[in-house]
Amino acid sequence: MAKSIIAVMGATGTQGSGVVQELLARGQFGVRALTRNPNSEKAQALESQGCEVVQGDLTKPETLGPAFKGAHGAFVVTNFWDPATMASETVQGTMAVKAAKAAGVQHLVWSTLPNCKEISGGKYEVIHFTGKALVDIEVQTAAFPYFTFVEAPMYFQNFLGMMAPQPLANGRKGWTIPMNPASKCLHVGDPTELGKLVAGALEQPDVVGQGQYLALASELTSWQEMVDTLNAQGHSLGLNQVPNEVYDAFPFPGARELREMMNYFEEYTYFGPDAETKLALARTLYPEGFTTFATWASKHMQP
């Protein structure tokens with residue numbers, strides 16, 4: 001008997017690739033990898049692993065219906081920081097949800113984040129959080145037989161890219177931040193491990209398939225604790241706290257967005273006021289726990 005198919009959007013990206021690998025490892029479902037370019041090297045590698053690889057491109061709505069057709073389940077994720085989606089993440093997420101529903105998907109797993117604007121009473125918008133959260137309503141009203149929300153943490157991988165250590169005024173490298181370095185408000189983790197929650201949800205729809213929220217994090221930490229961890233591993237990094245208006249004036253795209261995000265973290269934590277409920281439910285699916293920052297950094301951030 002053929003296995004039920006799970007369509008995984010963004011299959012060559014950070015979250016999607018983790019979902020694909022976890023589904024392949026467990027072997028309960030067949031995997032259809034949705035990607036913008038099925039001919040890319042990463043896509044071809046997935047095909048060699050036994051995935052069905054098809055085009056599923058949020059900038060080309062006509063590809064979505066065929067990509068979801070015949071799939072039992074679907075993992076849907078958007079990428080705010082991709083220039084192709086930054087201006088319309090809510091629109092594109094909604095479009096994907098509607099395409100999955102029209103195609104007959106039975107269990108939708110949507111990668112979302114907290115609605116910072118609602119949580120803060122309008123004080124913080126944090127578009128790349130709230131823009132995803134607005135799609136939650138579309139998922140709920142679509143009336144899928146099963147649907148689950150998953151939330152990824154502050155990526156460890158950010159420290160290798162957009163949030164890599166930068167030169168500080170004192171001659172060291174590190175981070176300039178618009179918040180208290182000691183504030184223990186950051187839910188961090190390796191987003192490639194999100195697949196453990198997605199696969200678990202797809203395998204147990206009667207347990208977590210009625211609109212539950214599952215949040216992934218290995219720990220709740222602070223900037224200072226992470227810097228201390230890195231320095232204990234041989235780094236020499238520092239932190240520099242600056243006022244909001246100074247951070248807003250920094251000459252890089254998204255400075256104000258990142259500042260507002262960190263202000264929100266400090267006041268409400270990354271996952272918001274109901275963080276522990278979402279984290280606890282995730283632990284019931286994967287009680288082994290997730291990779292810690294210290295373990296990840298020792299492998300990926302050499303002094």
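The values are calculated or read from the model by the stated rules, or taken from the named source; none is laboratory data. These numbers were taken from a predicted model, which means no experiment stands behind them. Here the Cβ positions follow ideal geometry from the backbone for every residue, glycine too, while neighbour counts run over all protein chains shown.
Structure data summary
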{"item": "Hey, Gly70 closer than 24 Å to Glu203 by Cα, in a loop (DSSP other than H, G, I, E, B), touching a strand residue (DSSP E or B) at 6+ places or on another chain (Cβ under 8 Å) and without any contact (Cβ under 8 Å) to a residue 40 or more places away in the chain or not", "result": "no"}
{"item": "Positions within segment 103-128 being farther than 27 Å from Ala7 by Cα and out of contact with any Ser or Thr (no Cβ under 7 Å at 6 or more places or on another chain), in sequence order", "result": "Glu118, Ile119, Ser120, Gly121, Gly122, Lys123, Tyr124, Glu125, Val126"}
{"item": "Per-region count, segment 146-176, residues more than 30 Å from Lys196 (Cβ to Cβ) and touching a residue at least 24 places away in the same chain (Cβ under 8 Å)", "result": "7"}
{"item": "Subset of segment 1-21 that is in contact with a helix residue (DSSP H, G or I) (Cβ under 7 Å, 6 or more places away or on another chain) and farther than 17 Å from Ala152 by Cα - its residue that is surrounded by the fewest Cβ atoms within 10 Å (Cβ to Cβ)", "result": "Ile6"}
{"item": "Segment 100-114, residues that are outside any helix (DSSP H, G or I), of a type outside the set (Phe, Trp, Tyr) and touching a Gly at 6+ places or on another chain (Cβ under 8 Å)", "result": "Ala103, Gly104, Val105, Gln106, His107, Leu108, Val109, Pro114"}
{"item": "Residues located in segment 249-292, provided they are out of contact with any Asp or Glu (no Cβ under 9 Å at 6 or more places or on another chain), surrounded by fewer than 17 Cβ atoms within 10 Å (Cβ to Cβ) and not in a helix (DSSP H, G or I)", "result": "Ala249, Phe250, Pro251, Phe252, Pro253, Gly254, Pro273, Asp274, Pro287, Glu288, Gly289"}
{"item": "Wholly enclosed helices (runs of 4 or more DSSP H) of segment 120-217 bearing at least 1 residues surrounded by 15 or more Cβ atoms within 10 Å (Cβ to Cβ) and modelled with pLDDT under 95", "result": "127-141"}
{"item": "Filtered residues of segment 22-44 (kept if in a helix (DSSP H, G or I) and either among the aliphatic types (A, V, I, L, M) or crowded, with 18+ Cβ neighbours inside 10 Å (or both))", "result": "Glu22, Leu23, Leu24, Ala25, Ala43"}
{"item": "Tally, over segment 53-62, of residues that are surrounded by 15 or more Cβ atoms within 10 Å (Cβ to Cβ) and either assigned to a helix (DSSP H, G or I) or of a type outside the set (Gly, Ala, Ser) (or both)", "result": "5"}
{"item": "Qualifying residue in segment 254-271 (condition: in contact with a Pro (Cβ under 7 Å, 6 or more places away or on another chain), in contact (Cβ under 8 Å) with a residue 12 or more places away in the chain and within 18 Å of Lys173 (Cα to Cα))", "result": "no"}
{"item": "Output for segment 139-162, where each listed residue is farther than 17 Å from His72 by Cβ and in contact with a strand residue (DSSP E or B) (Cβ under 7 Å, 6 or more places away or on another chain)", "result": "Gln140, Phe149, Val150, Glu151, Ala152, Pro153, Met154, Phe156"}
{"item": "Pick from segment 73-99, criterion surrounded by fewer than 24 Cβ atoms within 10 Å (Cβ to Cβ), outside any helix (DSSP H, G or I) and not β-branched (Val, Ile, Thr), ranking: modelled with the highest pLDDT", "result": "Asn79"}
{"item": "Some residue of segment 19-37 being acidic (Asp, Glu) and in contact (Cβ under 8 Å) with a residue 60 or more places away in the chain", "result": "yes"}
{"item": "Enumeration of residues in segment 106-119 that are more than 21 Å from Thr269 (Cβ to Cβ) and surrounded by fewer than 20 Cβ atoms within 10 Å (Cβ to Cβ)", "result": "Gln106"}
